[in-house]
Amino acid sequence: MEKKRKALRKLLEAVEKEILKKPDRKTLDHLSLLVGFQDWESFQNALHGDASADENYK
């Protein structure tokens with residue numbers, strides 16, 4: 001039983017590590033497209049700067 005518990009604990013640790021990993025730039029660019037931006041940088045500019053999402057549709 002202890003072996004199964006250790007194996008489960010190792011599996012959970014691996015899953016948590018994978019979930020907490022920061023996504024790469026390509027993934028972020030794809031997610032930005034889903035919310036109406038051309039890329040991650042334009043999304044960040046709109047989120048934290050003066051840019052607007054309307055600029056992406058001109």
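Tell me whether region 27-43 contains one or more residues that are in a helix (DSSP H, G or I) and of a type in the set (Phe, Trp, Tyr).
Taking region 27-43 and keeping what is in a helix (DSSP H, G or I), we get 27-34, 40-43.
With the extra rule that they be of a type in the set (Phe, Trp, Tyr), the set shrinks to 40, 43.
Yes, region 27-43 contains a residue that is in a helix (DSSP H, G or I) and of a type in the set (Phe, Trp, Tyr).
Pairing each residue of region 21-36 that is hydroxyl-bearing (Ser, Thr, Tyr) with any residue that is open to solvent by 90 Å² or more (accessible area, probe 1.4 Å) and part of a loop (DSSP other than H, G, I, E, B), provided the two are 6+ apart or on different chains, yields C-beta distances under 8 Å for Ser32/Gln38.
With respect to (1) part of a loop (DSSP other than H, G, I, E, B); (2) exposed (fewer than 10 other Cβ atoms within 10 Å of the Cβ); (3) modelled with pLDDT of 90 or more, the lone exception for Asp50 is condition (3).
The values are calculated or read from the model by the stated rules, or taken from the named source; none is laboratory data. Owing to the predicted nature of the structure, the values given are computational and were not obtained by experimental measurement. Using ideal geometry, Cβ is built from the backbone for each residue, glycine included, and neighbour counts are taken over all protein chains shown. Surface areas here come from the heavy atoms of the whole protein model, side chains and all, with no ligands, DNA or RNA. Shrake-Rupley method; radii C 1.70, N 1.55, O 1.52, S 1.80 Å.
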